[in-house]
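The values are calculated or read from the model by the stated rules, or taken from the named source; none is laboratory data. In this text, all values refer to a predicted model and were calculated from it rather than measured experimentally. So basically every Cβ, Gly included, is an ideal-geometry build from the backbone, and we count neighbours across all protein chains shown.
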Amino acid sequence: MSTRSIAQSARNQPVRLRRYSGSTLVNLRYRKIQKLVAIFFLLLLTEGVFRKWLLNGIQQPLLFIRDPILLWIYIEYARVPRSKMPNWAVAWGAAALLFILLTAVQATLILTPALVFMLGLRSYIAYVPLAFIIAEVFDEFALGRFVKLSLMCSLPVAVLVAGQFFSPVGSPINKGLIDGTRGIFLVADGIVRPYGPFTFVLGQSTYASMMVAFVLIAWEKRSVYKIGMALLVSATVAVTVMGALSGARTFFGGAILVVLAYLLASLSGGRPTQGLSRIIFVVLLSAVFFFTFIVIFPTSFSAMSSRQVQAEHAEGSTLARGLSMFTQVGQSISSAPPFGHGIGAGSNAGAFISSGGTAGDWTLGEYEWPRIVQELGPFAGILFIAFRVGLSALLALKAFHANRRARDPAALTLFGFSGYLLLTAQVVGQNQMLSFCWLTVGITMAFANCAHPESHSNARGGIHGQIRP
């Protein structure tokens, strides 16, 4: 049977999801890793709950609440029988060794606490394998479960966001890591930018834009994943509410990228009538969102409009602010020491530790690329940026290819979110962005892998039924 026939056959059986066909031991390891990834995701959503409300007295150590689960995932993956290590693992090991050598050189030249270097190594290299492991072990059943889990989690988060938006700034529901209102971000006077369950507004706005992608994917694959209409509609309303009350340009920028990726998938894959129906669907959803934003929550719309005007007066246009990250790289290359100021030194946590716990602001710049160059030095910094650019490009090609071959827009839609994070977001500077990035990059690759039915019979590396990331 031809490849085209296999793909067509798979599309004609929407409720029979493909599983990996490997040994019992391999399947058990894979299923365990899938469950651990779900726990990792839940801890990402509840880290702020523990740190702000439940265990505030020990909130600083809880910054690493997901790390034991991450280590457990790696241990389980290492126990999977295989004839040789995957190529990505070999490459990652070599890169990790180079980072450790660079850190050793920096430690001899720079008077920085050792903990800062350790946090830097964690941000730059420790989370990267998560993406490739997810890409390998997630089959369609696991993807379906993850999509449904994400939809269910959006419901309580939306309720919390609404409560925060309509509550006074000093309300306990708007509490930050410290008591009082100092440092709480506002949309306008007296109106909070909701943090949701996260410790910073960036986490909530990022999560809300991620959920735009998962809602679109859920509608697209509702029969494949057997998602009930009640959950689907409820989650769509929840994401609409989170977006309308976000008060953050980050959400709108992220949501636009996701929608554009979905429209690109609609135009580049599938039948013309199918693409037209997807475009109409996006137009209807957008109309519902703007009706909610402007008519149902006029306070939010007015506050957001005022904030945008004020931000443009203070910072320039949104586009110019976004492009400034790229223009500042040249300045960083000319001003950074050959071996940098120290890995991790420019992050909030690094600044907090270096100053003895008296400050926590960005010390080497707010934007990701210039800060990377300042931390690692011009040569190593440019190499790391090139790695992220290259991986983003490969992820885009993989998602686009999956959409063209299997008429499955899931990977390309989620790439609208994960590709932006991987390319330019504060992945090595902000703890929650670090998790969001590598988690969703892995899910994006898994969507692309599962869009190719023939790839299940082309496994390599000694693992039966493995999908190559």
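For the range 77-123, filtering for residues that are small (Gly, Ala, Ser), closer than 30 Å to Asn27 by Cβ and part of a helix (DSSP H, G or I) leaves 5.
Does Ile110 satisfy the criteria of being in contact with a His (Cβ under 9 Å, 6 or more places away or on another chain) and surrounded by 12 or more Cβ atoms within 10 Å (Cβ to Cβ)? Judged against the criteria, Ile110 is a match. Scanning the range 54-64 for residues that are aromatic (Phe, Trp, Tyr), farther than 15 Å from Ala131 by Cα and out of contact with any Ser or Thr (no Cβ under 8 Å at 6 or more places or on another chain) turns up at least one hit.
I'd like to know if the range 162-170 contains one or more residues that are in a helix (DSSP H, G or I) and among the aliphatic types (A, V, I, L, M). Before you say what the answer is, go through the steps one by one.
Start the filter on the range 162-170 by keeping residues that are in a helix (DSSP H, G or I), which leaves 162-165.
Adding the requirement that they be among the aliphatic types (A, V, I, L, M) leaves 162.
Scanning the range 162-170, I find at least one residue that is in a helix (DSSP H, G or I) and among the aliphatic types (A, V, I, L, M), so the answer is yes.
In summary, Ala235 fulfils each of the numbered conditions (1) surrounded by fewer than 24 Cβ atoms within 10 Å (Cβ to Cβ); (2) more than 16 Å from the chain's Cα centre (by Cα); (3) not basic (Lys, Arg) with the single exception of condition (1).
Given Phe415, Phe436, Phe387, which one is more than 14 Å from the chain's Cα centre (by Cα), aromatic (Phe, Trp, Tyr) and modelled with pLDDT of 85 or more? Outline the logic, then answer.
Working: Phe415 fails: more than 14 Å from the chain's Cα centre (by Cα); Phe436 fails: more than 14 Å from the chain's Cα centre (by Cα).
Phe387 is the lone residue from the list that is more than 14 Å from the chain's Cα centre (by Cα), aromatic (Phe, Trp, Tyr) and modelled with pLDDT of 85 or more.
Considering the range 70-88, the residues that are surrounded by fewer than 17 Cβ atoms within 10 Å (Cβ to Cβ) and hydrophobic (A, V, I, L, M, F, W, C) include one that is farthest from Leu439 (Cα to Cα), namely Met85.
Of the residues that make up the range 172-192, is at least one within 20 Å of Thr440 (Cα to Cα), among the aromatic types (Phe, Trp, Tyr) and in contact with a Phe, Trp or Tyr (Cβ under 9 Å, 6 or more places away or on another chain)? Taking every residue of the range 172-192 in turn, none turns out to be within 20 Å of Thr440 (Cα to Cα), among the aromatic types (Phe, Trp, Tyr) and in contact with a Phe, Trp or Tyr (Cβ under 9 Å, 6 or more places away or on another chain).
Pick from Phe166, Phe146, Phe214, Phe200: which is of a type outside the set (S, T, N, Q) and crowded, with 23+ Cβ neighbours inside 10 Å?
Working: Phe166 fails: crowded, with 23+ Cβ neighbours inside 10 Å; Phe146 fails: crowded, with 23+ Cβ neighbours inside 10 Å; Phe200 fails: crowded, with 23+ Cβ neighbours inside 10 Å.
Being of a type outside the set (S, T, N, Q) and crowded, with 23+ Cβ neighbours inside 10 Å holds for just one of Phe166, Phe146, Phe214, Phe200, which is Phe214.
Among the conditions (1) touching a helix residue (DSSP H, G or I) at 6+ places or on another chain (Cβ under 7 Å); (2) closer than 21 Å to Phe352 by Cα; (3) outside any helix (DSSP H, G or I), the only one that Glu47 does not satisfy is (3). Residues considered: Ile227, Ile191. Of these, the only one that is in contact with a helix residue (DSSP H, G or I) (Cβ under 7 Å, 6 or more places away or on another chain), more than 21 Å from Ser305 (Cβ to Cβ) and in contact (Cβ under 8 Å) with a residue 40 or more places away in the chain is Ile227. Filtering Thr273, Thr327 for residues that are more than 30 Å from Ala126 (Cβ to Cβ), modelled with pLDDT under 75 and part of a helix (DSSP H, G or I) leaves a single hit, Thr273.
Within the range 278-318, the residues that satisfy the criterion of being of a type outside the set (A, V, I, L, M), modelled with pLDDT under 75 and part of a helix (DSSP H, G or I) are Arg307, Gln308, Gln310, Glu312, His313, Glu315, Thr318.
On inspection, Ser334 qualifies as farther than 13 Å from Gly120 by Cα, of a type in the set (Gly, Ala, Ser), at pLDDT below 95 and part of a helix (DSSP H, G or I).
Would you confirm whether or not the range 285-297 contains a residue that is surrounded by 18 or more Cβ atoms within 10 Å (Cβ to Cβ), over 25 Å from the mean Cα position of the chain (by Cα) and under 28 Å from Arg193 (Cα atoms)? Yes, the range 285-297 contains at least one residue that is surrounded by 18 or more Cβ atoms within 10 Å (Cβ to Cβ), over 25 Å from the mean Cα position of the chain (by Cα) and under 28 Å from Arg193 (Cα atoms). Can you find a residue that is polar (S, T, N, Q), crowded, with 24+ Cβ neighbours inside 10 Å, in contact with a Ser or Thr (Cβ under 8 Å, 6 or more places away or on another chain) and touching a residue at least 60 places away in the same chain (Cβ under 8 Å) anywhere in the range 395-416? Within the range 395-416, one or more residues are polar (S, T, N, Q), crowded, with 24+ Cβ neighbours inside 10 Å, in contact with a Ser or Thr (Cβ under 8 Å, 6 or more places away or on another chain) and touching a residue at least 60 places away in the same chain (Cβ under 8 Å).
Could you check how many residues of the range 50-75 are of a type outside the set (Phe, Trp, Tyr) and at pLDDT below 95? Before the answer, list the steps.
Within the range 50-75, the subset of a type outside the set (Phe, Trp, Tyr) is 51-52, 54-63, 65-71, 73, 75.
Then drop every residue that is not at pLDDT below 95, which leaves 51-52, 54-63.
Residues in the range 50-75 being of a type outside the set (Phe, Trp, Tyr) and at pLDDT below 95: 12 in total.
Hey, among the residues in the range 171-197 that are assigned to a loop (DSSP other than H, G, I, E, B) and among the β-branched types (Val, Ile, Thr), which one's modelled with the highest pLDDT?
Of all residues in the range 171-197, those assigned to a loop (DSSP other than H, G, I, E, B) come to 171, 175-185, 189-190, 193-197.
Then drop every residue that is not among the β-branched types (Val, Ile, Thr), which leaves 178, 181, 184.
Working: Ile178: 75, Thr181: 59, Ile184: 72.
Among those that are assigned to a loop (DSSP other than H, G, I, E, B) and among the β-branched types (Val, Ile, Thr), it is Ile178.
Pairs are defined by a Cβ separation below 6 Å, a sequence spacing of at least 6 or placement on different chains, a first member in the range 204-220 that is under 13 Å from Thr250 (Cα atoms), and a second member that is among the aromatic types (Phe, Trp, Tyr) and assigned to a helix (DSSP H, G or I); the pairs so defined are Ser205/Phe251; Thr206/Phe436; Ala208/Phe251; Ser209/Phe251; Met210/Phe417.
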